[in-house]
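Peer 1: Submitted below is the structure of interest, expressed as structure tokens.
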Amino acid sequence: YQRRVRGRWFCRHEMEAASAVIGRLASELYRLVSVELAGGFSLPRISLAVGLVEAVLTRPSSYSAAGEWTSELAELQGLATSLDQQVDALEAKFYAFAQSIPIQGNATARECIAAVAAAVWKRLKSGFAKDGLHRQSLYSFLEIRHADCFGLALSVLCCCKHLAAQGVGPAELSSCHLMVSEDHCWIGFKERNGASTTAEVAWKDTGTKATRKCGTAVSEPHKWLYLNYHAVQLSHPMTVAAVLQAIQPGIGRGNKFDSAELQIIQLRLLRLVRSQCPEAIQTYPLALCVLGDLEEVCSEPDAIAGFSDELLGGLVVARESSALEVARSRLKAAAVEAFQVACAASQAHASELDQEMKLSWEEQCEATTDVASKMYLSRVLGSASLGYQVYPHSFLAAYLARTLNRLVEAGANDADSVSCLQWMLTKYADCATVLARHWFDKDDGELHREVEGAVEAISESVGSCVSKLSGEQAVAALKQVLRFVDGVAVWESRAAGRQPNEVWALSLARSMAHFDLGTRRVIAEHVGTGMLVFEASKLCTIVQQLFGQGKLNVQSVQGALAAHDMSADSGRARSRKRKTHD
């Protein structure tokens, strides 16, 4: 057989040789990380080691002839035998950089952080883009002089921690830690009076497009970019998990091919952290989502074919099962467990923070006279059970959508397909419910892509499986579809001057049209009697006026969904500055 490694196809004997060498390299990396987990949790050492291995395994092969591969094997073998020494040299270089940063003797913690951030930005290559691959490690910052948002914050954090350990700067500098959302990260720390505060470090504060200064506090915490006051504060062990979940296996500069070897290494590293420091991952939803994705990818027989036992480290995949058995097993796989724990972790995190903030938010709700703000605060106070993070729910829902496709392709019985469809629709509806707690921002590109993927998955899944639903099952499924539509409509209604997405509206209208008249009439009755309540007034209008038609008019539903909602909080989004980060 053949396999693509570093952008080129290799035959069996080459794969066996490469796998053995990479297996030895992986073993050295596991040993290094395990030692750090059992000892001092040296963030620079772990990030430098992981970044170095990532850089080697994702560099496209520069050779085309089979015989020339031996020189790259020799490079990998050399790294495997000297990983500790190379990381030692990189660590010394990083600490030398940190100690070269000029810090004023009477500087406050915020001034120190701003000075470190300025020095980090100054070291980077001019004109680099923060949205590229392989820019999240200290190795990339130190050797390639590129950094993305996470790489910038991590570099600043490690420098501040080192300076504090050397007695440079105020005592509060040692309190620095990472704060993360689903698409951004920044620094949190304690002021001299003991109050918690924040500092942005990933915004470029020079040039014509500069809108924020490095070291300034977060200015728009209500946005999804900052998780609407519910960002995750990373402890030291959680930051190690963040370094490992941030590994990017894409080969070269794009995502066309992934390094299967690096995916296996990343999975084993996250499992290692979960076994040695469970609290580092169990309370960190994004790391659990990445773990779930890797569990899915590495559970496929083709994903690990031809790899050495040393690289796999006991990773076993059943190879003789039928396609139907494999599809059914996905509903009880390790990936599902990781996604479910991520959802639970997000809910627990929101519950803890809400208890702390509830009193002040209730006071805000009572004091405000703005109807939109009052409705928004009331929604936040009354519906925290699902958390504030979108990804845990959307990752599980997308996994279930892929599982449903495989069940249908394998000829599963109706019970299996229906159960998976109901679960998938419920998780997408949960995703939209969480989405409705955030203010719409046209610059939240990652969030928009999640919604687009959800709309497509719902349309395809309902179209292929609606005929298998009984009457009660169809009603329950349509309720979940409408919950999703309601959440998206409420979220879009807060976009001042923006027309709702017509493509999404058409796809969702077609999804509703798949349900028969009897099902739609039951839903209309529930809405009319108050048994089913929607926050978007236009959705109530659609159900009451159009669901009684013999054949649902898709164009009419699309037009109603694409119209501006006339509910009380529509069109009143807060003024926001344009996002300039990655």
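The values are calculated or read from the model by the stated rules, or taken from the named source; none is laboratory data. Just so we're clear, the structure is a prediction, and the values are computed from it rather than from any experiment. Virtual Cβ from ideal backbone geometry, glycine too; neighbours counted across all protein chains shown. Just so you know, the surface numbers come from the protein's heavy atoms only, side chains and all, with ligands and any DNA or RNA stripped out. Shrake-Rupley method; radii C 1.70, N 1.55, O 1.52, S 1.80 Å.
Peer 1: Quick check for you: with a 1.4 Å probe and neighbouring chains kept, what is the accessible area per residue of region 259-298, in Å²?
Peer 2: It amounts to 26 Å² per residue over region 259-298.
Peer 1: While we're here: Take the cross-link list K223/K442; K161/K223; K122/K223; K125/K161; K93/K161 and give me the ones stretching past 21 Å between alpha-carbons.
Peer 2: Among K223/K442; K161/K223; K122/K223; K125/K161; K93/K161, the Cα-Cα distance tops 21 Å for K161/K223; K122/K223; K125/K161.
Peer 1: In addition: When a/c is below 1.5 the answer is rounded, else prolate if a/b is larger than b/c, else oblate, so apply that to region 132-180 with a ≥ b ≥ c taken from the square roots of the Cα gyration tensor eigenvalues.
Peer 2: It is oblate, given that a/c is not under 1.5 and a/b is not larger than b/c.
Peer 1: Related question: List the residues, sorted by chain then number, that are 5 or more residues from V218 or on another chain and whose placed amide H is less than 5 Å from its amide H.
Peer 2: When sequence neighbours closer than 5 places are left aside, the close amide H contacts are T198, A199, E200.
Peer 1: What is the extension gain from R192 to R123, computed as 0.36 nm multiplied by their sequence separation minus the C-alpha to C-alpha distance, in nm to one decimal?
Peer 2: My answer for the length gained is 21.9 nm.
Peer 1: List every residue whose amide H lies under 5 Å from the amide H of D258, counting only residues 5 or more places away in sequence or on a different chain, with H placed 1.01 Å from N in the peptide plane.
Peer 2: I251
Peer 1: Let me ask another. What does the charge add up to near T197, with Lys and Arg as +1, Asp and Glu as -1, over the other residues with Cβ less than 14 Å from its Cβ?
Peer 2: My count for the surroundings of T197 gives -1.
Peer 1: Could you check the spin-label model distance between H448 and N405? Points 7 Å from the Cα along Cα→Cβ, value in nm.
Peer 2: 2.3 nm
Peer 1: Please give me the summed charge of the neighbours of A345: other residues whose Cβ is under 14 Å from its Cβ, Lys and Arg +1, Asp and Glu -1.
Peer 2: Neighbour charge sum, excluding A345 itself: -3.
Peer 1: A follow-up question, please. Which ³J(HN,Hα) values in Hz, rounded to whole numbers, follow from the phi angles of region 257-272 under the Karplus curve 6.51 cos²θ - 1.76 cosθ + 1.60, where θ = phi - 60° and Gly and Pro get x?
Peer 2: Computed from phi, the couplings for region 257-272 are 10, 10, 7, 4, 4, 5, 5, 5, 4, 4, 4, 5, 5, 5, 5, 4 Hz.
Peer 1: What are the GluC sites (Glu not before Pro) within region 143-198 that DSSP puts in a loop, where the Cβ has at most 11 other Cβ atoms within 10 Å?
Peer 2: For GluC sites (Glu not before Pro) across region 143-198 that sit outside H, G, I, E and B with at most 11 neighbouring Cβ atoms in 10 Å, the list is empty.
Peer 1: Something else now. Suppose R0 equals 56 Å; then what is the FRET efficiency for Q549 and D302 from their Cβ-Cβ distance, rounded to the nearest 0.05?
Peer 2: 0.70
Peer 1: Would you please give the FRET efficiency between E310 and E525, computed as 1/(1 + (r/R0)^6) with r the Cβ-Cβ distance and R0 = 41 Å, to the nearest 0.05? Intermediate values should be presented prior to the final figure.
Peer 2: Values: r = 63 Å, r/R0 = 1.54.
Efficiency, rounded to the nearest 0.05: 0.05.
Peer 1: Tell me, what ³J(HN,Hα) does each residue in region 185-199 have, in order and in whole Hz, if you take phi through Karplus 6.51 cos²θ - 1.76 cosθ + 1.60 with θ = phi - 60° and put x for Gly and Pro?
Peer 2: So the J values, rounded to whole Hz, are 8, 7, 9, x, 6, 9, 7, 4, 8, x, 6, 7, 8, 9, 8.
Peer 1: Would you pull out the residues with amide H under 5 Å of L227's amide H, same chain only if 5 or more places away, H placed 1.01 Å from N?
Peer 2: E182
Peer 1: Could you give the length gained on full extension between A476 and S275, defined as 0.36 nm per residue of separation minus the Cα-Cα distance, in nm? Could you put the intermediate results ahead of the total?
Peer 2: Working: separation 201, 0.36 × 201 = 72.36 nm, distance 3.91 nm.
Length gained, A476 through S275: 68.5 nm.
Peer 1: For region 70-130, which trypsin sites (Lys or Arg not before Pro) are both in a DSSP coil and crowded by at most 14 other Cβ atoms within 10 Å?
Peer 2: Counting only loop positions with at most 14 other Cβ atoms within 10 Å, the trypsin sites (Lys or Arg not before Pro) in region 70-130 are K125.
Peer 1: Could you derive backbone 3J(HN,Hα) for region 19-31 from the dihedral phi with the Karplus parameters 6.51, -1.76 and 1.60 (θ = phi - 60°), listing whole Hz in sequence and x where the residue is Gly or Pro?
Peer 2: 4, 5, 5, 5, x, 5, 4, 4, 4, 5, 5, 4, 4
Peer 1: What does the charge add up to near C160, with Lys and Arg as +1, Asp and Glu as -1, over the other residues with Cβ less than 13 Å from its Cβ?
Peer 2: +1
Peer 1: Which of the trypsin sites (Lys or Arg not before Pro) across region 407-451 are loop residues per DSSP, with 15 or fewer other Cβ within 10 Å?
Peer 2: Numbers: sites: K427, R437, K442, R449; in loops: R437, K442.
Here the trypsin sites (Lys or Arg not before Pro) that fit, given the DSSP loop and packing criteria, are K442.
Peer 1: Once R0 is set to 30 Å, what does the formula 1/(1 + (r/R0)^6) return for the Cβ-Cβ distance between T108 and E352, expressed as a FRET efficiency to the nearest 0.05?
Peer 2: Once the sixth-power term is evaluated, E becomes 0.55.
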